[in-house]
Amino acid sequence: MITEGTLMWEPSAEMKEKAQLTAYIKWLKEKKDKDFANYDELWRWSVDELENFWESIWEYFSIYSPTPYQSVIDQKIMPGAKWFPGARVNFTEQILRHVRPGKAAIHYHSETISHSVLTWDELAKKVYILAEQLRELGVQPGDRVSAYLPSIPETVIALLATASIGAVWSSCSPEFGVKSVLDRFRQIEPKVLIAVDGYQFGGKVFDKREDVKEIYENLPTVKGVIHVPYMFKDFKETPIDGALLWSQIMDQPEPQDFQFEYVPFDHPIWILYSSGTTGIPKGIVHSQGGIILETMKALGLNGDLHDESCVFFYTSTAWMVFNGLVSHLLVGSSIVLYDGNPTYPTVEKLWEIAEMTDANSFGASPTYINILNKVGFVPKQKYNLSKLNEIQLSGSPVSSENFDWIYNNVKTDLWVSSKSGGTDICSVFVTGSPITPVYAGEIQVRALGVDIHAFSEEGNSIIDEVGELVVKQPMPSMPIYFWNDPNNERYFDSYFSTYPGIWRHGDYLKITSRGTCIISGRSDSTLNRNGIRIGTSEIYSAVECLDEVQDSLIVNLDLPEGKFFMPMFVELKEGLTLEEDLKGKIRKQIKEVCSPRHIPDEIYQIESVPYTLTGKKMEVPVRKILLGVDEKKAVNRDAMKNPSSLDYFVNFKTTNILVQN
């Protein structure tokens, strides 16, 4: 078995020489008289001279503003930093500079459409037409446009059209129920609603027309509705009287001399949402300038992506990864969208698409990799992946076994770029580098311009030990505010209440002495037994590699009088039952791979592990329920992928004598 820290891959001399990161280092030497021998030296400069670094990103990527900026950072504090005051930018304009007639901008697949392409010039034309229609509906800079759309080209067009006129984008996936949608959209009072009629997932069609009607009727601020026929194209009626048909809008002539709305750097671009599993979701607002600058750096340098790249990362519009995927257009890359179940009709589906589109970069979650491993699928035996040079891993902590599976079953000469960030910053804290080695179970580097540290309980930076993930200086893509949080109380409480003036993210992080990083899960769900802490991801990695185990969940319950109880819940392969022999096998695996202190007190079989709509295991809500918190206060079932999975845990509290005592 591959162990954490095993060297898995090193970039060739040719790859290093061709990397945009290398070109940037050469540019710094030529233009700024800065000389760096390696990535670590470059990272250190990027945080020691924060203003100089971000100004170099502005210059290197030719960010356009019709007005000059007065400074790089005004008020270098958190929260409250002001970036590039005086500058005026436009996210969509920055993207549409890359228009190349006839060249693919978007590849699109679904369960009913095998492959279609939208070229850059077609994309620009549709964006301009829709943007003018939004203006005719009265949308002005700062107004919100809400979308109830799946991962299809129309969604990308709508997002870009919204940003082009300075309006604010917000989306929900159509798999969300009405209540979950209204919990989000009612907060932001949209002026326009763009909605689909239905979607297909796993071969089953879901009719959403009545849901759309109910959503509209409960959004009194909506002045215009745009209907996107998708699953029921033969029906010409719209679910809402007076709604505009997408096709009718697109039949209009392309406007001549389209005028972008250039907005201040800190003007809002979109509103993302916290998971909403424990209450009304927080509306997290990002800025146009922050997203432009952070994306250019993260994708162009750390990601080594450019106008010849093709990126495929399966995602839904409910996850910030969709916004991130669209943002790849900023560096000129083409993107691949897939609307459907990633394992339907077989687990091979995404690899079939990767081959068909000649994807250079393939994005996946560790959960998906585990599924492929469980079923014994070997992509390299069936698909031509000669164009593939990178796999991006994100969504949850990545195990050494994930790396091992990829190198054994996909390609040996492959850059596996693990990264971690979040909805909060719509970017990454730790990420990949095309000029440094890849080690099993580790993330290659700290992202440029991110002053990230692991803090001890005393608030000191530590190396080679697990600590709290903190950021000591501002990042351009940190939220400008939360929606309906006028005094920034929720914002402050979310990130700055533990260490004033320092961002605490809520993850556990270890930075190794060679500069690599290991994320071991959320700090509020990390297991602490007698002062020894371990990330839940380490437990899952050990247990879920067993042939019998499909999925697992573990929580630690602190009980009165200093007692505690740590149960593990396992979902087994179909047809299997949890017998004592298997319990012993699981305990032995945890003892040998992780820690004898973190062997669960008891192991229980469940039908399924509870997940959020964005694919996160719901450790914290389960822990709250088992500790006696009322279910309605602990979790919002509408924000779950599999709400019925929670029933087991609600009943568990009342029937399990160990928890009661």
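The values are calculated or read from the model by the stated rules, or taken from the named source; none is laboratory data. Remember, predicted model here, so these are calculated numbers, not experimental data. So basically every Cβ, Gly included, is an ideal-geometry build from the backbone, and we count neighbours across all protein chains shown. Each accessible area value is taken on the protein alone, full model and side chains, heavy atoms only, with ligands, DNA and RNA left out. Shrake-Rupley method; radii C 1.70, N 1.55, O 1.52, S 1.80 Å.
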Accessible area per residue, Å², the chain with all protein chains present, probe 1.4 Å: 39 Å²
Nitroxide proxy distance, nm - points 7 Å out along Cα→Cβ at F235 and E214: 1.5 nm
Separation in nanometres of the label points that stand 7 Å from Cα toward Cβ, at L627 and S461: 3.2 nm
Gyration tensor (alpha-carbon) shape descriptor, segment 54-176, a/c threshold 1.5: prolate
Rg and Dmax of segment 244-391, Cα atoms only, in Å: 18.4, 55
Per-residue HN-Hα couplings for segment 457-464 [Karplus 6.51, -1.76, 1.60; θ = phi - 60°; Hz; x = Gly/Pro]: 4, 8, x, 10, 5, 10, 10, 6
Members of K18/K126; K16/K349; K374/K591; K18/K382 lying beyond 27 Å, as alpha-carbon distances in this model show: K18/K126; K16/K349; K18/K382
Beta bridges per DSSP with both ends in the chain, % antiparallel, nearest 5: 55 percent
Candidate lysines - alpha carbon under 19 Å from K624, same-chain residues fewer than 8 apart omitted: K563, K616, K632, K633, K641, K653
Distance from segment 388-402 to segment 60-132 (C-alpha centre basis), Å: 27 Å
Taking the convex hull of Cα positions in segment 552-639, its mean projected area over all directions (nm²): 7.1 nm²
Residue-by-residue Karplus 3J(HN,Hα) for segment 99-115, coefficients 6.51, -1.76, 1.60, Hz, glycine and proline x: 4, 10, x, x, 8, 5, 9, 10, 9, 10, 9, 8, 5, 10, 10, 6, 5
Surface share of carbon and sulfur [accessible, 1.4 angstrom probe, percent] for segment 115-200: 41 percent
Volume per residue of the C-alpha convex hull in segment 221-319, rounded to whole Å³: 238 Å³
Separation of alpha-carbon centers, segment 211-253 and segment 297-374, rounded to whole Å: 29 Å
Inter-label distance for D48 and E189, nm, one decimal - labels placed 7 Å from Cα along Cα-to-Cβ: 4.9 nm
Values of log10 I(q)/I(0), in the order q = 0.31 Å⁻¹, for segment 89-142 under a Debye, Cα-only, solvent-free model: -1.13
Computed P(r) (all Cα pairs; segment 142-200; 10 Å bins; percent): 24, 56, 20, 0
Loop trypsin sites (Lys or Arg not before Pro), segment 86-143 (other Cβ atoms within 10 Å of the site Cβ: 16 or fewer; DSSP): R97, K103
Percent carbon-and-sulfur accessible area, segment 323-430, ignoring ligands, DNA and RNA, probe 1.4 Å: 44 percent
Distance from segment 403-429 to segment 505-524 (C-alpha centre basis), Å: 15 Å
The chain - Rg (one decimal) and Dmax (whole number), Cα, Å: 24.3, 74
Hull volume in cubic angstrom per residue (convex hull over the Cα atoms of segment 420-543): 124 Å³
Average silhouette area of segment 329-441, convex hull of alpha-carbon atoms, in square nanometres: 7.6 nm²
DSSP-loop GluC sites (Glu not before Pro) across segment 316-386, with at most 16 other Cβ within 10 angstrom: E348
Calculated from backbone phi, Karplus (6.51, -1.76, 1.60) coupling profile of segment 26-41 in Hz, x at Gly/Pro: 5, 4, 4, 5, 6, 8, 10, 6, 10, 10, 10, 8, 7, 5, 4, 5
Mean residue ellipticity (222 nm) of the chain, computed from DSSP H runs ≥ 4 via -39,500 (n - 2.57), nearest 500: -8500 deg cm²/dmol
